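Colleague: One structure is given below, represented as structure tokens, and several questions about it will come after.
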Amino acid sequence: MPLFGRREPLHERLAREGGLVEPEPRQPWQEVGIHGLQRPREWDATVTTDADAADGTHATFVALPDGTLLIEDGDVEDAAPLADAVERELKAPYRARAAKDALWLIQARRIEVLELPDAPDGQSLDLARAADGRPELSVDGQRVFGSVPALEARGERAGREYAVHAERLDGDLWEVRAAAL
């Protein structure tokens, strides 16, 4: 008799050793890709509206703080009804994408918009200041001399060392993201 608990019956041990019993299934949390961490949220609002709210089937647009809508992609000419649906939950400025099936489904996320009248020509700006304290500016991926004071001020709000990325929306208006390093 074993010291603790029951001994495995002989017929079960022989079946196991002879390969007649399937091994215990692996626990699902041991599988690759299942780690218990959720993905970061991509959209701040997801709304629906009537299918006849707008003509077309899909759109990507930006709502500016003054209410102007910039349609970036899609076959929708007037995105105002789609923006009205979003603005019941989310105030401008925001970036949204919409697709129509039985209803319009619209997803939107907040953005930060800055006016940069002194920005160089180009479609994207990257400004970074690391430990040495000197800001480095890139325009469309090409490093250039100089800086954009409004971008520097935005970066300093994020921290002493920062990175700021800006994408041109229209004219002097830029969508900006900043983070501390």
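The values are calculated or read from the model by the stated rules, or taken from the named source; none is laboratory data. Being a predicted model, the structure only gives us computed values, none of them experimental. Heads up, the Cβs are rebuilt from the backbone with ideal geometry, glycines too, and the neighbour counts pull from every protein chain shown.
Colleague: Only one of these is in contact with a strand residue (DSSP E or B) (Cβ under 9 Å, 6 or more places away or on another chain), among the hydrophobic types (A, V, I, L, M, F, W, C), crowded, with 19+ Cβ neighbours inside 10 Å and in contact (Cβ under 8 Å) with a residue 24 or more places away in the chain: Leu103, Leu127. Name it.
Modeller: Leu127
Colleague: Looking at the stretch 127-140, which of its residues are assigned to a loop (DSSP other than H, G, I, E, B) and at pLDDT 95 or above?
Modeller: Of everything in the stretch 127-140, just one residue is assigned to a loop (DSSP other than H, G, I, E, B) and at pLDDT 95 or above, namely Asp140.
Colleague: Whether any residue in the stretch 158-172 is without any contact (Cβ under 8 Å) to a residue 24 or more places away in the chain, outside the structural domain of Thr49 (by TED's automatic domain parsing), surrounded by 13 or more Cβ atoms within 10 Å (Cβ to Cβ) and more than 30 Å from Asp55 (Cβ to Cβ) is what I want to check.
Modeller: yes
Colleague: Just the residues that are farther than 25 Å from Phe61 by Cα and in a strand (DSSP E or B), please, taken from the stretch 141-174.
Modeller: Those that are farther than 25 Å from Phe61 by Cα and in a strand (DSSP E or B): Gln142, Arg143, Val144, Tyr162, Ala163.
Colleague: State all residues of the stretch 45-67 that are modelled with pLDDT of 95 or more and farther than 20 Å from Asp101 by Cβ; if no residue qualifies, say none.
Modeller: Those that are modelled with pLDDT of 95 or more and farther than 20 Å from Asp101 by Cβ: Val62, Ala63, Leu64.
Colleague: Select the strands (runs of 3 or more DSSP E) contained entirely in the stretch 39-122, then report the ones holding at least 2 residues which are within 21 Å of Asp170 (Cβ to Cβ) and among the charged types (D, E, K, R).
Modeller: 69-74, 94-100, 104-110, 112-115
Colleague: Could I ask something else about it? Among the residues of the stretch 130-153, which ones are touching a residue at least 12 places away in the same chain (Cβ under 8 Å) and loosely packed, with under 14 Cβ neighbours inside 10 Å?
Modeller: Hits for the stretch 130-153 are Ala130, Ala131, Asp140, Gly141, Val144, Gly146, Pro149.
Colleague: Return yes or no: is Leu90 in contact with a strand residue (DSSP E or B) (Cβ under 6 Å, 6 or more places away or on another chain), closer than 30 Å to Ala51 by Cα and not polar (S, T, N, Q)?
Modeller: Yes; evaluated as a whole, the condition is true for this residue.
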